Every structure is written in C-alpha cells, then in structure tokens.
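Following: one structure in structure tokens, then a few remarks.
The values are calculated or read from the model by the stated rules, or taken from the named source; none is laboratory data. Nothing here was measured: the structure is a model prediction, and the numbers come from that model. Every residue, glycine among them, receives a Cβ derived from its backbone with ideal geometry; neighbour counts consider all protein chains shown. Quick note on the areas: whole protein, heavy atoms, side chains included, nothing else; ligands and nucleic acids left out. Shrake-Rupley method; radii C 1.70, N 1.55, O 1.52, S 1.80 Å.
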Amino acid sequence: MNIKLTLLPGDGIGPEVTAAAVKVLQLAADRFNFSVKTETCSFGGQSIDEYGVPLTEETLQKCLDSDSVFLGAVGGPKWEDLEQQRKPEAGLLKIRKELGLFANIRPAKIYQALIDSSTLKKEVLQDTDFIVLRELTGGIYFGNPRGYTLNKTDSAERHRQEKGWNTMVYTRKEVERIARRGFEMARGRRGKLTSVDKANVLDVSQFWREIVIELHKDYPQVELTHLYVDNAAMQIVREPSQFDVILTGNLFGDILSDIAGMITGSLGMLPSASIGKQHALYEPVHGSAPDIAGENKANPIAAIASMAMLLEHSFEMKKAADVINDAIERTLAQGYRTADIFSEGMRLAGTTEITERIMENFEEIFNEQALGVFTL
Ligand code: NAD
C-alpha cells in the first residue's frame, strides 16, 4: 500500500508535533510494509504570512487529491487581531467543510501510567475506553434562521423586543450517515452504542432517536441504548467504563467530547479524527501553544496517537495503530514525561526525546510480537 498524505503543520508547536508524528509513521511504514509519500503545505498563520489567506486553493486541492490529511495546529497572537474571515482558525472551518468531514471521533482511553494524575479517582477510571462520535456539520451550529437583535437605546419597551435565536435542525440523511458510522464502529469494538439526545424536550432529538432505532435493525449484533444528554454528562464522570461508542449531535458532542477528554488526560495527550465520505483529517485536539513553541517542550503524544488513528480509521491497519499506542503506553510506564504531564519522581523529557523513546519502544514491541512475546 502507498499512502499519499498531505501535511499541514501550521503554527506554534504544530510543526514540532507533526514532525514527531511523521517520524513514527515512517517507522510504522518500514516495519508494516507500506509506503508513505508526504507533501507539506502552508496553512493557518504561516499561509496568511505567505499568501494572505489561511488556506489557499492550491493547498485545498492538494488535500482533496491526497488519501488523507494530517494537521498540526494553527493560530497565535500574531494573527489574533485580523478580521474573522482572515484568521488562521477560519482555515480550519473551511478545510473541514470543503473535505465534507461530517463525523468527529474523539477517543477517551485511559493510559495506565497516568491514571493517578486524573482529577477522577483511579477506581472510577479503571477500564475506561470509549469513543465520542460527534456529528460535525449539522445541528444548531449551522441551522437557520439564526441571529439576534440588540437595541442600543436604553428603553424598557425596546429591551422587551430584544432576542437571540438559533435553530437546531437535522435532516434524515445527516442522522443516517453519522448513525451508521456509530453502529459500524460499535460493531468493530465491544458492540455497545449509546445514542445521546434530549428527546424529552427537543423534537429534533425525537426525530434523531427514531431514525437511530430504525437503523438498529441493520445492526442486530450491536446493543443500542439511549441517554438524555444531561444524564450522559453525569454518567461519563460517574462510571466512564460503561461506554463503548457514544453517538451524538454537534452541540452535545462538542461538550461531551471535552468532558471525556479531560477525565483521561491533559490537552497534549488527546488525538482526534474527522471523517467524511471520501476524505479524512487527523489532528491533535490541542492548539498551537505559542507559550512553548520552538522550545522542544511540546508533548507530541496527541499528534502521534492521531497518526495511529489515521492508520486504523483510513487504512484499516489496526495492528500498526495498536503497536504505536502500546509504544506510547510503555514510554509513559518507563516514567518519561513532557513538562505538561510531569510529576515528582518522573523523568522530564523534551519533544524529541519522548519521540525517540516511543520509536524505540515501537521497535521493541514489534519485535516481541514477531517472536510471539506478548508483554507490555
Ligand atoms: P492551546 O491548546 O494552544 O494551549 C493551552 C495550554 O495547554 C497552553 O498552556 C499550552 O502550553 C498547553 N498545551 C497545549 N498543547 C500542548 C502540548 N502538546 N504539549 C504541552 N503543552 C500543551 O490553547 P490556547 O492557548 O487557548 O490557544 C492558542 C492558539 O491555538 C490560539 O490561537 C487558538 O485559537 C489556537 N487553537 C487552535 C486549535 C487547532 O489548531 N485545532 C485548537 C485550539 C486552539
């Protein structure tokens, strides 16, 4: 197999963590016998400096023509005062839209070595391993009508007329395509799908629920349950190990994926994938961290784990992805930590050292598996 990958390293720590992730990908390619051809394009603030826009048509075309896209991070103080449309973050929204990325996948998996640094108790976190699958291009963030009226004059009558409004709308097609993804993901994991909505209050949620129930007939091996979003938020914090795949809409997914991320680790540890019918984009959840950019302090684990997701979700190479994730786990178990996850008694390491340790552990685990030794 030959993977054609477009790299958008972006700004701040984006290029550092992207370089780390590409090194690990190249190693996986060598060992698992596939090849990777990467092309690096300017994106975000860097692209604004060079071309005046965060995403050029040429870069977009390269992304559309490749098998997959990997993004570092964008943004920084240098571009903060630009008008909204010209900001680096506008490039993010545009690329997600142009690639038709309707599903966002955020895993919430606990690294054993970091279990004590969570804000939750170890007993609560034990065995946590689930995915939040969020609909990304519909719902209240995109629905019309939307707007607000605000009268500047200070009169009671005028204040009574002021209001703000958005519309939560989902079409059958939008619900079906994300729900099918959810059933398929659950089928490939532990077979449990939890659909999260607010069907006790919202008609659009009732509609969502009825379609999910209808599709369940095509996936009889998957156990389907429904939760209201308020209960889901409580359950994620109370007993996260009960979940396998959480399927939900744009607004609820935005909030639940952040709760899920935070219980399992720091920003530097969280990978993500955004998937469409033909295209996919993988990126760490964190931003460009301008406060530590260029200092070899960035935690590359979120980016490296995002590369593992790329192998699993775009190229069905779960074995290679598992070796990468095991190598991360073993590196943490050996006590190596970047500053963001450092604690007393651990070994402080920079971006390059952590990456090297992960690569060494990858080699070791790969060789153990080739010899039939299964230890972590
Ligand atoms: P941030 O995620 O960049 O940083 C928040 C804090 O976490 C900082 O203290 C930072 O040092 C730390 N941090 C983040 N990632 C880290 C890593 N890998 N290793 C070690 N420490 C890490 O969020 P912010 O400070 O709110 O935003 C900075 C810029 O990034 C802004 O311009 C923002 O718009 C942009 N941003 C971009 C994305 C993206 O590209 N997807 C996401 C969020 C924010």
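Structural remarks
- For the range 323-351, filtered to residues that are of a type in the set (Gly, Ala, Ser) and within 13 Å of the ligand (Cβ to nearest atom), the residue that is most open to solvent (accessible area, probe 1.4 Å) is ALA339.
- Residue identified as under 30 Å from GLU364 (Cα atoms) and modelled with pLDDT of 95 or more among ALA19, ALA73: ALA19
- Flag for PHE130 being away from the ligand (no atom under 16 Å from the Cβ) and assigned to a strand (DSSP E or B): yes
- Segments classed as helices (runs of 4 or more DSSP H), wholly inside the range 1-91, with at least 3 members that are within 16 Å of the ligand (Cβ to nearest atom): 14-32, 45-51
- Going through (1) touching a helix residue (DSSP H, G or I) at 6+ places or on another chain (Cβ under 8 Å); (2) at pLDDT 95 or above; (3) crowded, with 17+ Cβ neighbours inside 10 Å one by one, THR264 falls short only on (2).
- Flag for ARG190 being in a loop (DSSP other than H, G, I, E, B), outside the structural domain of SER306 (by TED's automatic domain parsing), under 28 Å from PRO284 (Cα atoms) and under 22 Å from the mean Cα position of the chain (by Cα): yes
- From ALA293, ALA302, ALA308, ALA320, residue being assigned by TED's automatic domain parsing to the domain that holds ALA19, closer than 30 Å to LEU92 by Cα, open to solvent by 30 Å² or more (accessible area, probe 1.4 Å) and touching a helix residue (DSSP H, G or I) at 6+ places or on another chain (Cβ under 8 Å): ALA293
- Screening PHE362 with (1) surrounded by 21 or more Cβ atoms within 10 Å (Cβ to Cβ); (2) in a helix (DSSP H, G or I); (3) within 19 Å of the chain's Cα centre (by Cα) gives one miss only, at (3).
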